[in-house]
Amino acid sequence: MAILEAKHLRKDYQAVNVIADLNLEVREGDFTVLVGPSGCGKSTLLRMIAGLEDITGGELLIDGRRANDLHPRERGISMVFQSYALYPHMSVHDNIGFGLKLEGKSKQDITKAVREVADTLQLTDYLDRKPSQLSGGQRQRVAIGRAIVRKPRIILFDEPLSNLDAKLRVEMRMELMKFHRNHNITTIYVTHDQVEAITMADRIAVLEKGNIRQFDTPRVLFDTPANPFVASFIGSPQMNLFDVTAQNNYVVKTAENSEIRLPDVSLALLSDAKVIGIRPEHLKLQSEATGAGLSAKVDLIENLGDESIIHLLAGEQRITARSHEPVDCQIGETVFLGFDSTRAHFFGDQQNRLSR
Ligand SMILES: Nc1ncnc2c1ncn2[C@@H]1O[C@H](COP(=O)(O)OP(=O)(O)O)[C@@H](O)[C@H]1O
Ligand SMILES: [Mg+2]
């Protein structure tokens with residue numbers, strides 16, 4: 001059974017609808033990531049789950065029980081915020097124990113609980129320090145400690161790493177993954193960063209404008225995106241997407257005035273396709289125009305050492321290719337970008353994925 005379920009969830013801020021009809025099932029023990037661009041409703045959804053925001057419509061179930069009207073403290077849920085929101089004047093011990101103190105727990109009980117948590121998070125030697133005397137990683141662990149000291153069934157994170165520099169972010173990411181592996185607390189983690197989502201998640205819900213566009217494992221989202229939005233959101237550099245207008249004899253015309261040859265794709269599929277997607281790593285620079293592919297002009301080559309990112313133009317459309325082989329072409333040269341057509345993604349007029 002799902003530990004958390006959203007059924008037809010709706011959120012309005014006065015007259016503004018932010019979430020219209022959202023359905024989500026979170027499995028016990030999973031690390032679930034909500035990912036999407038800024039403003040799509042991630043924090044709103046998380047705050048509704050935590051009980052910090054009213055639910056306008058629909059139902060939130062925790063362990064199968066309606067939780068819409070439960071007080072945050074009655075939900076068995078803890079939340080870690082972006083800034084960690086540690087109290088600077090309090091010791092690590094008092095920061096972790098603060099929630100228990102508010103609940104009126106005895107000093108003895110608090111100390112016992114704090115020591116247990118500090119032990120599992122390797123914070124025992126730092127209990128007397130102030131947050132300013134800790135490294136970024138230790139501060140994150142204090143924030144987690146404060147969240148788990150009340151033994152929540154579910155822990156929520158709202159973009160906890162987005163304020164950090166790149167190096168620290170990678171370290172913290174690994175710490176969080178280790179923490180999840182060791183404790184197995186059901187986790188819902190919000191980020192706008194698809195790399196974070198892919199590396200950390202058991203399953204990812206991709207949000208756009210308050211709607212879940214796809215909810216599945218990173219592998220499935222990457223290999224078989226359900227629509228152009230997910231296709232372009234997951235993967236970096238992002239998938240090349242071509243709006244196609246018409247096809248004639250296995251040649252598809254794009255809205256940006258170029259032509260894609262697709263000799264081994266069925267005509268039925270080609271006539272249904274409205275958008276065709278190809279990932280940069282699946283495009284090969286060929287000197288001869290054979291098989292599936294399109295002609296494009298080389299605009300810029302970024303050499304990244306172990307790989308090259310080649311920026312090209314086909315008509316008006318920008319295309320990105322990625323190669324692990326040395327690239328042998330000149331700026332301004334027209335090349336043929338070949339691909340294995342089984343690697344191409346086809347979407348229909350409802351943005352739906354078409355199967356081959
Ligand atoms: N208190 C509020 N009142 C009115 N609109 C809000 C409020 N909070 C958030 N919004 C709006 O709801 C939308 C979703 O916001 P949010 O959930 O914070 O997005 P995200 O976390 O994905 O960046 C945004 O358009 C935002 O402007
Ligand atoms: Mg947010």
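Scoring 97-109, 224-236 by mean Cβ neighbours within 10 Å over their residues and listing the highest first yields 224-236, 97-109. The residue 295 and residue 340 beta-carbon pair, evaluated with R₀ = 22 Å, returns a calculated FRET efficiency of approximately 0.80. Taken as Cα centroids, region 235-296 and region 108-142 sit 55 Å apart, rounded to the nearest whole angstrom. Probing with 1.4 Å while keeping every protein chain in the model, the per residue accessible area of the chain equals 49 Å². Using a simple spin-label model with pseudo-atoms 7 Å out from Cα toward Cβ, residue 174 and residue 202 lie 2.4 nm apart.
For region 2-233, the antiparallel share of DSSP beta bridges with both residues in that region comes to about 55%.
When the charge dipole of the chain is built from unit charges on Cβ atoms (+1 for Lys and Arg, -1 for Asp and Glu) and taken about the Cα centre, the candidate among 77, 220, 149 whose Cα reaches farthest toward its positive end is 149.
Surface composition of region 2-233: carbon and sulfur make up 48 percent of the accessible area, probe 1.4 Å. Ranking 51, 244, 286 by how far each Cα lies toward the positive end of the dipole of the chain (charges on Cβ) leaves 51 at the top. Bridging of residue 253 to lysines at a Cα separation below 26 Å is possible for 274, 284, 297, once same-chain residues fewer than 8 apart are set aside.
In straight-distance terms, cross-link reach from residue 7 covers every one of the lysines whose alpha-carbon lies under 28 Å from its own, apart from those fewer than eight places away in the same chain; here that gives 42, 151, 209. Only DSSP H runs of four or more residues enter the estimate; each adds -39500 (n - 2.57), and after division by the residues of the chain the mean residue ellipticity at 222 nm equals -7500 deg cm²/dmol. The slack in the chain from residue 14 to residue 53, taken as 0.36 nm per residue of separation less the alpha-carbon distance, amounts to 12.7 nm.
Which angle between 0 and 90 degrees, to the nearest 10, do you get for helix 136-148 versus the longest principal axis of the chain when only C-alpha atoms count? Helix 136-148 sits roughly 60 degrees off the main axis of the chain. With a ≥ b ≥ c the root eigenvalues of the C-alpha gyration tensor of the chain, is it rounded (a/c under 1.5), prolate (a/b larger than b/c) or oblate? It is prolate, given that a/c is not under 1.5 and a/b is the larger ratio. What does the C-alpha gyration tensor say about the overall shape of region 240-354? Classify as rounded when a/c is under 1.5, otherwise prolate if a/b is larger than b/c, or oblate. Since a/c reaches 1.5 and a/b is larger than b/c, the shape of region 240-354 is classed as prolate. Ranked by the mean number of other Cβ atoms within 10 Å per residue, highest first, peptides 252-259, 110-117, 9-16 order as 110-117, 252-259, 9-16.
Extension gain for residue 108-residue 351 works out to 81.6 nm (0.36 nm per residue, less the C-alpha to C-alpha distance). Potential lengthening of the chain between residue 220 and residue 248 amounts to 6.9 nm, from the contour at 0.36 nm per residue minus the alpha-carbon distance.
Helix 107-120 and the longest principal axis of the Cα set of the chain meet at an angle near 30°.
Atom-type composition of the exposed protein surface of region 240-354 places 43 percent of the accessible area on carbon and sulfur (1.4 angstrom probe). Assuming R0 = 51 Å, what is the FRET efficiency of residue 259 and residue 89, from their Cβ-Cβ distance, to the nearest 0.05? Plugging the Cβ-Cβ distance into 1/(1 + (r/R0)^6) gives 0.15.
Would you work out if region 105-194 is rounded, prolate or oblate? Take a ≥ b ≥ c from the square roots of the eigenvalues of the alpha-carbon gyration tensor; rounded if a/c is under 1.5, else prolate when a/b is larger than b/c, oblate otherwise. The shape class here is oblate.
The values are calculated or read from the model by the stated rules, or taken from the named source; none is laboratory data. Being a predicted model, the structure only gives us computed values, none of them experimental. Using ideal geometry, Cβ is built from the backbone for each residue, glycine included, and neighbour counts are taken over all protein chains shown. Accessible surface areas use protein heavy atoms only, side chains included; no ligands, DNA or RNA. Shrake-Rupley method; radii C 1.70, N 1.55, O 1.52, S 1.80 Å.
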